1. Put a dot 7 Å past each Cα toward the Cβ at Arg73 and Asp107; how far apart are the dots in nm?
2. So how much slack lies between Arg190 and Asp85, counting 0.36 nm per residue of separation and subtracting their Cα-Cα distance, in nm?
3. Based on Cα coordinates alone, diagonalise the gyration tensor for region 62-220, multiply each eigenvalue by 5, take square roots, and list the semi-axes in whole Å, largest first.
4. How big is region 174-218 on each of its three principal axes, counting only the C-alpha atoms and giving the largest first in Å?
5. Between region 171-210 and region 131-161, how many Å separate their Cα centres?
6. Starting from the Cα coordinates of region 137-220, work out the convex hull volume and express it per residue in Å³.
7. Regarding region 98-155, what's the average projected area of the Cα-atom convex hull, expressed in nm²?
8. Can you give the Rg to Rh ratio of region 46-130, both from alpha-carbon atoms, with Rh computed by the Kirkwood formula?
Amino acid sequence: MTGGVYHAHHARRVVPGSRPDPRFPPAIGRGKPGGGRGVACRSGPVYDSRVGRTLAIMVTMTTYGTWLRGDKRGWVEQGIIMPPDPALETRDSNRMKHPPFRFAHNDLMPVGEMIGRSLIERMDATILALTVQTWHVHFIVAAIEHDIGAVVKCAKDAARYGLRPGRPIWTDGYDKRFCFSLAMVEKRVRYVEAHNTSHDWSPRPWRFIVPLNEWAAWSM
């Protein structure tokens with residue numbers, strides 16, 4: 001936790017099937033940038049005999065100060081969904097060294113371009129979905145050879161270096177959701193795309209996003 005900022009966000013509440021799975025390490029790391037290290041996805045899908053192979057990973061990153069411990073929307077402590085705690089939220093808010101950060105509306109598309117290009121050029125990622133909102137980002141990448149913590153750091157650094165705001169813009173951690181079936185990938189891609197269409201944008205507003213049907217045709 002940095003400056004009272006806790007890395008918890010609505011992917012745990014809204015995305016179908018998003019309750020933490022005890023078979024995997026907690027989705028949220030604590031006390032260091034990039035959060036906890038998760039299941040590495042090496043050179044294509046990884047096979048796990050308990051659930052099958054990893055096809056894709058959905059990542060959620062929130063901006064600094066926009067979802068604290070004790071939040072009325074719920075929050076996560078070591079993979080457990082916790083109830084609202086106004087007193088705790090107030091204490092964390094008082095410890096923050098900067099005001100909450102939100103992207104300006106005219107920065108949403110440029111930030112998406114920064115993140116996407118960096119993931120492709122530095123991580124060789126295949127991006128299946130991406131949305132940038134004022135206080136959070138979702139993206140989905142096909143199974144990748146890099147540790148997911150390194151992928152998230154790449155995405156966060158891209159926006160930080162591109163905007164150079166002179167202050168923290170991200171919470172320390174992130175949420176990750178592993179997709180083990182095409183149906184699961186599609187459900188989460190549609191969820192991310194709905195964020196874009198709610199702004200009257202295209203479901204895939206950046207040219208580097210690979211359509212799901214094209215990816216499925218050459219990856220299955």
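Taken together, the values in this text are just the output of simple stated rules run on the coordinates, not laboratory data. Not measured: the values here are computed from a predicted model. Backbone-built Cβ (ideal geometry, glycine too); neighbour counts: all protein chains shown.
1. 1.8 nm
2. Stretched fully, the Arg190-Asp85 segment lengthens by 34.6 nm.
3. Working: eigenvalues 156, 70, 45 Å².
Each semi-axis is the square root of five times an eigenvalue, giving 28, 19, 15 Å.
4. 30, 27, 18
5. 12 Å
6. On the way: hull volume 10.6 nm³, N = 84.
Measuring per residue, one finds 126 Å³ for the Cα hull of region 137-220.
7. Values: hull surface 16.9 nm².
So the Cα hull casts an average projection of 4.2 nm².
8. 1.08
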